[in-house]
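The values are calculated or read from the model by the stated rules, or taken from the named source; none is laboratory data. Every value quoted in this text rests on a predicted model; they were computed, and no experiment measured them. Cβ coordinates were reconstructed from backbone atoms using ideal geometry, including for glycine residues, and neighbour counts include every protein chain displayed. What goes into the accessible areas is simple: the full protein's heavy atoms, side chains included, and nothing from ligands, DNA or RNA. Shrake-Rupley method; radii C 1.70, N 1.55, O 1.52, S 1.80 Å.
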Amino acid sequence: MLAGSNLEKVINSGHFAVTGELGPPKSADLTQLKEHAEAMRDYVDAFNITDNQTAIVRTSSIGVAGVLIQMGLEPVVQMTVRDRNRIALQSDLLGAVALGVKNVLCLSGDHQKFGNEPGAKGVFDIDSMQLLKAFKDMRDEGKFIGGEKLEAPLQVYLGAVANPFADPFEYRVDRLEKKIAAGASFIQTQCIFDIERFKRWMELVRERGLHKKVAILGGVTPIKSLGAAKYMKNNVSGIIIPDELIERLQGAANKKEEGLKIAIETIQQLKEIEGVAGVHIMAIAWEEVVPEIVERAGLYPRPKL
Amino acid sequence: MIIAERKPLEEIFGMLAPYGRIAVLGCGTCVTVCMAGGQKEAEELAAAISIKRKKDKQDVAVEAFTIERQCEYEFIDQVAERLKKFDVILSLACGVGVQTLVEHMPELLVLPGLNTKFMGYPTEQGVWAERCLGCGDCVLHMTQGICPITRCAKSLLNGPCGGSSEGKCEISKDTDCAWHLIHDRLSRLNRLDVLKEIQPPKDWSSSHHGGPRTIVREDVRLASGKQS
Ligand code: SF4
């Protein structure tokens, strides 16, 4: 055990893990977020808290994580390298762990030009690979990036993201291998709509035996409407939405139900793919459907460990 | 070279509004080549200022002239007396030229006519692209001649990130993903192993983040310039 988090226990015991994503609001009023978290309580093993996702200012990931911990829920704190330099990132890791955070997910972060502060200075002092390695070294070597020693040992379960839909495709498995070497114990992937491409990626992952070294949680996003699907297809970089999926939604009388069905089918397919250790459900702005998805995908009840 | 762009005319007119005798001083090096601040641009701008003032029924005396480089004292000295006759100098040099003028002739009032953009080169007639950030610790040997610090929107050292799609950067379909270019180049040279190593955090103290930089070369310094 690296940190003894619930997520780590679920993964290590070989259960198909389920995590859910929560996006903090553009205010310090967490009433609605808490309601969503409460509704998902028994349906996910841990909650990912996004870090100013798409570069939009929101309540901090660590702040929300602290609130979840008070509620007896387990957060996965996302940390991007866009807004903080190595001093702040290392300090925030210590602060998060002091608050009781056990899972941290390291990522680059969307460029600031996409957000509501496009004039912001992007920090990018270190990259996501270096962040992972830094946090691993803090935990395993008791050392900061600069070489100084931590004054006490640190326990944290580290994750990273992988995007099998980004290019160059061949490089995406190299990158995964690199992230494992840098310290990732679990991986959450970009939303999977193009399951065939995901399967090809997983083949390459298995060829190198990487699925035995890291727990891969496939990203699933239920699509709420045809407009949302088209928007993602055309505007969100790093997401591939096949035309057949758009057509399927177009042909459906009840788009919401069809969107749910697609998500549930995706999870069922993921369960069948050798080396997939779980699912990460990102129902941003549609959090209330997570329990239904988990139940209908046959992943309820969650293991109590 | 240094690439610059003329400031919007309205901004320039606004800056110059209080002054009657104006010199538009071109610079004969980088900004001449990138067509932002050479003699031709200085003359055009001087004409635009005159027309604007005439339209507004205000008197003005504008002259346009150019020196080889505004970033060296010896060239400034060639026009020092002439510059003193004006209320204001609108410099069409890069930011370095403007500051060199002010440091060498503190009595002058010097305003910038350009926005200094970056170090780069013309990829085609009329298109200039950034290629160097001056980070002070070149990594081009690792990436085989493509700078990730400058050309990757996140200055990643372990790229490409998850936003790279079909060779383009997540910030725009018009921007190449630097790491895709690097990947392709390394692949061609059979050096993809470079991408497998975890590159450690960069020491940014060699860049501007370490504070304003100065290079001192004792071997080429003149004795008279040395400080005790
Ligand atoms: S898409 Fe490529 S150039 Fe753009 S930030 Fe990512 S790695 Fe850098």
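Worth pointing out:
- Sorting the segments A:36-46, B:30-40 by their residues' average number of neighbouring beta-carbon atoms within 10 angstrom, most packed first, yields B:30-40, A:36-46.
- Computed helical MRE - 222 nm, the protein assembly as shown, DSSP H runs ≥ 4 contributing -39500 (n - 2.57), nearest 500: -10000 deg cm²/dmol
- Look at the stretch A:102-115: the mean tally of other chain Cβ atoms within 10 Å of its residues' Cβ atoms is 3.
- Using θ = phi - 60° and Karplus 6.51 cos²θ - 1.76 cosθ + 1.60, couplings along the range B:122-139 (whole Hz; Gly, Pro as x): x, 6, 7, 4, x, 10, 10, 10, 6, 9, 9, 9, x, 6, x, 8, 5, 10
- Calculated P(r) tail over 46 Å for the protein assembly as shown, as whole % of Cα pairs: 29 percent
- B:THR175 - accessible surface, heavy atoms, 1.4 Å probe, Å² rounded to 10: 50 Å²
- DSSP beta bridge pairing in the protein assembly as shown, given as percent antiparallel to the nearest 5: 25 percent
- Gyration tensor verdict on the range A:196-267 (Cα atoms; rounded if a/c is under 1.5, prolate if a/b is larger than b/c, oblate otherwise): prolate
- Shape call, chain A: gyration tensor on alpha carbons, a/c limit 1.5: rounded
- Within the shell defined by Cβ-Cβ distances under 13 Å, the residues around A:HIS280 carry a net charge of -2, with Lys and Arg each +1 and Asp and Glu each -1.
- Exposed-loop-free span, longest in chain B, where GluC sites (Glu not before Pro) count as exposed if DSSP calls them loop and at most 15 other C-beta atoms lie within 10 Å: B:1-67
- Once backbone amide H atoms are built at 1.01 Å from N, B:THR175 has B:CYS169 as its partners under 5 Å, excluding neighbours fewer than 5 places away on the same chain.
- Each chain gives up part of its surface: A and B jointly bury about 2400 Å² of accessible area, both sides summed, for a 1.4 Å probe.
- Taken one residue at a time, the phi angles of the range A:236-253 give Karplus couplings (6.51, -1.76, 1.60, θ = phi - 60°) of 9, 5, x, 10, 10, 10, x, 4, 4, 5, 4, 4, 4, 5, 4, x, 7, 6 Hz. Gly and Pro are set to x.
- The residues of the protein assembly as shown expose on average 47 square angstrom of accessible surface per residue, using a 1.4 Å probe on protein heavy atoms.
- Placing a pseudo-label 7 Å from each Cα along the Cα-to-Cβ vector at A:TYR231 and B:LYS117 gives an inter-label distance of 3.3 nm.
- Global geometry of the range B:2-118, whether rounded, prolate or oblate, following the gyration tensor of its Cα atoms and the 1.5 cut on a/c: oblate
- Counting Cβ atoms of other protein chains within 10 Å of each Cβ in A:156-169 and taking the mean gives 3.
- Cα gyration tensor of chain B - equivalent ellipsoid semi-axes, whole Å, descending: 41, 24, 14
- Alpha-carbon centroids, the range A:251-280 and the range B:21-85: separation in whole Å: 67 Å
- Based on alpha-carbon atoms, the Kirkwood radius and the radius of gyration of the range B:133-210 give Rg/Rh equal to 0.96.
- Per-residue packing, averaged as other Cβ atoms within 10 Å, sorts the ranges A:240-253, A:3-16, A:173-186 into the order A:173-186, A:3-16, A:240-253, beginning with the highest.
- With every protein chain in place, the range B:133-210: carbon and sulfur % of accessible area (1.4 Å): 49 percent
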